[in-house]
1. Does the stretch 1-156 classify as rounded, prolate or oblate by the C-alpha gyration tensor (a ≥ b ≥ c root eigenvalues; a/c under 1.5 gives rounded; else a/b over b/c gives prolate, otherwise oblate)?
2. Using only the C-alpha atoms of the stretch 62-124, find the volume of their convex hull and express it per residue in Å³.
3. With +1 on the Cβ of every Lys and Arg and -1 on the Cβ of every Asp and Glu, and nothing else charged, how large is the dipole of the stretch 35-123 about its Cα centre, in debye rounded to the nearest 20?
4. Would you work out which of GLY132, ILE212, LEU168 lies farthest towards the positive end of the dipole of the stretch 129-218? Charges go on Cβ: Lys and Arg +1, Asp and Glu -1.
5. Kindly state, to the nearest 0.05, the FRET efficiency for GLU217 paired with LYS253, given R0 = 35 Å and r defined as their beta-carbon distance.
6. Relative to the compact globular guide of 2.2 N^0.38 Å, what is the alpha carbon radius of gyration of the chain, as a ratio?
7. As a footprinting exposure proxy, order THR167, THR27, THR183 by other Cβ within 10 Å, with the fewest listed first.
8. Give the order of TYR181, TYR190 when sorted by the count of other beta carbons within 10 angstrom, beginning with the fewest.
Amino acid sequence: MEKAIKLSAEVANALKARKPVVALESTIISHGLPRPSNLEVARECERIIRDAGAVPATIALLDGKILVGLERSELEAIANRDDISKASIRDLPIIVAQGKSAATTVAATAHIAALAGIHIFATGGLGGVHRGANESFDESADLTALANVDMTMICAGVKSILDVPATLERLETLAISLVGYKTTAFPGFYLTDSGYTIEHRVDSPEEIAAIIKARAEVGTLSKALVVANPVVKEMNKALHDEILKSGLEKADKQGVVGKAVTPFLLEHFHTTSKGESLAINSEIIKANCLLGAQIAVALQ
Ligand code: PSU
Ligand code: MN
């Protein structure tokens, strides 16, 4: 049988030559951003990483193959095709065996990247504990995935649609290391500051590289390190809170549950904020890609 995981030539060569590589997820492209911005941002991210001296490895499933590093046409397919589902780790064997196509979440991307030998990963905002999770049990598999993988995860904190303090508690319980980049205010995705503080602060990619090296020595390589990088220009806070409130109400009224919740709320933000959340979401992802590449380069 052919192998299920296929590395692009660029990624395979980079890994063989021990060059810096940064993994990127694809759910953001197919379910997190509207067309045509999704493809533009995805391309821009890859360019930013290359310009910083690293190799981007966008991960997705196309027609039953797990691709690590996408060709131009493959990235277009993920951005524009209508048959791209949202895959978490548990969906991977099913999609592969059935020859289907899917974008990978943070959980699935981290899992695949580690299998491929990539240990730096940049995204927008992590998944986490949803509001009302004490009844719905809706907690993103991103958290448990990061508790089981050797990964440095660059993000703007967790998405502000979530229960942020509960997510911080879960990160602690799951022994996922957490540092703020140039801050001790935990970022709130669209907002620079979620209102919750974190203990550890780092100020340079070199400092993060030193922590990554220390992880091997202290035996925490099987768990992720989360680097929380706040957005520079945040969304208007009043507008943010208003859109979040109406989005949660609308989701509740329409009975949106499970994996549809996050894409539904992000879409509500993008349509209701008249482009403001989209611009900020794009900035977040790009800034995290740059920092990811800088960390990967500093590690060498
Ligand atoms: N960050 C973004 N946009 C996104 C996501 C993260 O800026 O669309 C995606 C990631 O793929 C993440 C997923 O893993 O949302 C979380 O979904 P859920 O809450 O269903 O686990
Ligand atoms: Mn969920």
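1. It comes out rounded by the Cα gyration axes.
2. So the per-residue Cα hull volume is 89 Å³.
3. That gives a dipole near 160 debye.
4. Farthest towards the positive pole: ILE212.
5. 0.10
6. Normalised by 2.2 N^0.38 Å, the Cα Rg of the chain equals 0.92.
7. Ordered from fewest to most neighbouring Cβ atoms within 10 Å, THR167, THR27, THR183 come out as THR183, THR167, THR27.
8. Result, fewest neighbours first: TYR181, TYR190.
Values in this text are rule-based calculations from the coordinates and carry no lab data. This one's a predicted model, so the numbers in the text were calculated from it and none came from an experiment. Here Cβ is always computed from backbone atoms with ideal geometry, including for glycine, and neighbour counts include all displayed protein chains.
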